[in-house]
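**Student:** For reference, the structure I am asking about is given below.
Here, each number is a calculation from the coordinates, and none is a lab measurement. What you see is a predicted model, and the numbers here were worked out from it, not measured in a lab. Here the Cβ positions follow ideal geometry from the backbone for every residue, glycine too, while neighbour counts run over all protein chains shown.
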Amino acid sequence: MKGLKTILSLALMLSVGLLMGQKQVSNETKNEISVKKTLDASMPVKNTNETTTDTIGWTPGSIPEFGYPNSGLHIYGLTSGGYVGGVNGSDIDYWAQCYVLEESVSAIGILAWIGIKDNISEDNNSVLTASLLPTNEDEAITGFDDQGNATSYGPGPDYYSGNILASSSVNINDLDTTSYADPSLWQYFPFTNPVYISSDFCIVADFKSLRLNSDTAALVWDEFGNGLGLGYSQYCKDPTKYYWVACNCGLTFSGGQGLDANMSLFLIVEKGSDVNSNSYFQGMQLTFPNLTSDPELIVQFALQNASNTSIDIISVNGQLVRSIDLGMKEAGSHHTTIDISNLQSGMYFVSLNSQGSRLIKKLVIE
């Protein structure tokens, strides 16, 4: 499904203060928003009954799940210039997507669907940064009265305390906007080391460096109505006075409906998924040598239910370098051997695929 929603008003709370320990926001101002670009893409096929997993946020069962229950895909544009969920003329640089986590995971990186970019500077110092943070109570404004005063607060990214669990940057020259149909080829932000998390979390995309270098990029959004109020934008007056604002109350359509949709920021995780361990990660186990110099890679995996299965090897830049169709596999343990003798040394990702869902783990070839 193709589409671009026209948003006709944006509630900007640009004057934010802290007074006697109470959070207060000035009256809102209205800015017109225009259509910028129609996204020529369709939602990759997913099945909500999958046994295997994908990155959190994309995989069926995530809270929230991108593209569910409605499959529309959109890029939203501002009349001030630029995009909602990207570089814009209102200097709103920070955008966040938060998730409910009901188990413990080891995070190895962030995946983002970049729908558009305009590389003016061609400068390697112009970067998009993606960060993983815990969720903290009362970090975000979640409601306003008719005068634009904040009336309620809720969980949001624990960003301004400096509690960043992991962060990764990609320069404007390397940002990939070409692979719309395949999630494995979206832009990857690898962490230097795995990060263990066991509670709700947020992913923050920082577009400030791109804006300051006159470059542009924007995230893809799913359909209006899919969100659970867990998408946020940052409004600030100066570096010491700031707030997160839930997009479903801070960004509005012409009819007054808030932008309750999800941004395409996802977390790649490893957890409880080694073959012969005591637990599955949402129905799948996957094991192989994470560091190898051998010409062949032996991949072991196990499924709780029978399913069509394939394995991809993807470079850190998002290029598909190997793809093996294993056909229908019964529930239980399996293994396969993949020739990697022609692959250059470096970091790759092994993706175990089943009916549109994926479990991805890191591989380093010496």
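**Student:** Go through 117/208; 117/361; 329/361 and tell me which ones have a Cα-Cα distance over 25 Å in this structure.
**Tutor:** From 117/208; 117/361; 329/361, over 25 Å: 117/361.
**Student:** Between residue 146 and residue 212, what is the FRET efficiency for a Förster distance of 51 Å, r being their Cβ-Cβ separation, to the nearest 0.05?
**Tutor:** It comes to 0.90.
**Student:** Whole-Hz ³J(HN,Hα) for each residue in the stretch 89-98, computed from phi via Karplus 6.51 cos²θ - 1.76 cosθ + 1.60 with θ = phi - 60°, x for glycine and proline: what do you get?
**Tutor:** x, 8, 6, 8, 8, 10, 10, 9, 10, 10
**Student:** Within 10 Å of each candidate Cβ there may be at most 14 other Cβ atoms; applying that plus a DSSP loop requirement, which GluC sites (Glu not before Pro) in the stretch 116-175 survive?
**Tutor:** 122
**Student:** Roughly speaking, what is the stretch gain from residue 338 to residue 200, that is 0.36 nm per residue apart minus the C-alpha to C-alpha distance, in nm to one decimal?
**Tutor:** Separation in residues times 0.36 nm, less the Cα-Cα distance, equals 46.0 nm.
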